[in-house]
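The block underneath contains the structure these notes are about, expressed in structure tokens.
What follows draws every value from the coordinates through simple rules; no lab data is involved. All of these numbers come straight from a predicted model, not from anything done at the bench. Note: ideal-geometry Cβ built from the backbone for every residue, glycine included; neighbour counts use all protein chains shown.
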Amino acid sequence: MLFNNLYFWCTNQMVIQKALAAKNLKEAQKGMIYVGFFKISGAFSLVLPGIIAFNMFGGDLGMDMAYSTLISEVLPGWLSGVFAAVVFGAIMSSFVGALNATVTLFSLDFYKPIINKEASSEKIASVGRFVTIGVGLLTIIIAPFISVFPQGLFAVVREFNGLYSMPLLAIVLVSFYSKKTSALGAKVVFAFHVITYAASKIVIPEIHYLYVWSVLFILDLLILMAFCKWHPE
């Protein structure tokens, strides 16, 4: 979880794009401190309701149904619409943030430097709008299938993020503390991690993904550091 939190709060585009958009370093630092403070209170909205639901309804309810069942049980009927609007607004805010991060990465890291190097700002913005629609539709299509995973939505998302989160964190850490980071090493680490992590879900499915992350993160670091030493280009 330490590695996962380092990745999410220090390298996740959806989070750091807000800090990078601040008017200066001081404002960015203050914003991240405020966010960290409010994040501590997340235990009351994320963990405590689950504990209450477990004690009220038992363990057979399922993690994805616990919160909604608890709310329908304790909330007055006349507040249901207001609460639904609040939850919908929060979901849309997170979804839009993730969607903007995805489109930004595609437009500036793939489309502009690889697909169309001569693209103007207007062309990039136009492509970004099409990608936004495409990703949104793909999300709508995939969303219903998440219910077939018994471990719940949160765990599914975390497991999927493991395909790229650990090698990305390793690359950022090595970049911070070495004079030159190997571009080839970064590519090799990503390929190694994706293949190995995917294979682990088939070969050792009984091993929890956090343990797999821990081992692969160390291996990612070692591989990248070896490339930085012997093949720094």
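Of everything listed in (1) under 30 Å from Tyr67 (Cα atoms); (2) outside any loop (DSSP other than H, G, I, E, B), the single unmet condition for Ile207 is (2).
Assess whether Leu221 counts as being more than 16 Å from Phe160 (Cβ to Cβ) and in contact (Cβ under 8 Å) with a residue 24 or more places away in the chain. Criteria met by Leu221. Taking the residues in region 149-190 that are part of a helix (DSSP H, G or I), within 19 Å of the chain's Cα centre (by Cα) and of a type in the set (Gly, Ala, Ser) as candidates, determine which candidate is surrounded by the most Cβ atoms within 10 Å (Cβ to Cβ). My answer is Ala170. Residue selection: Gly128 fails the criterion of being surrounded by 13 or more Cβ atoms within 10 Å (Cβ to Cβ) and within 30 Å of Ser214 (Cα to Cα).
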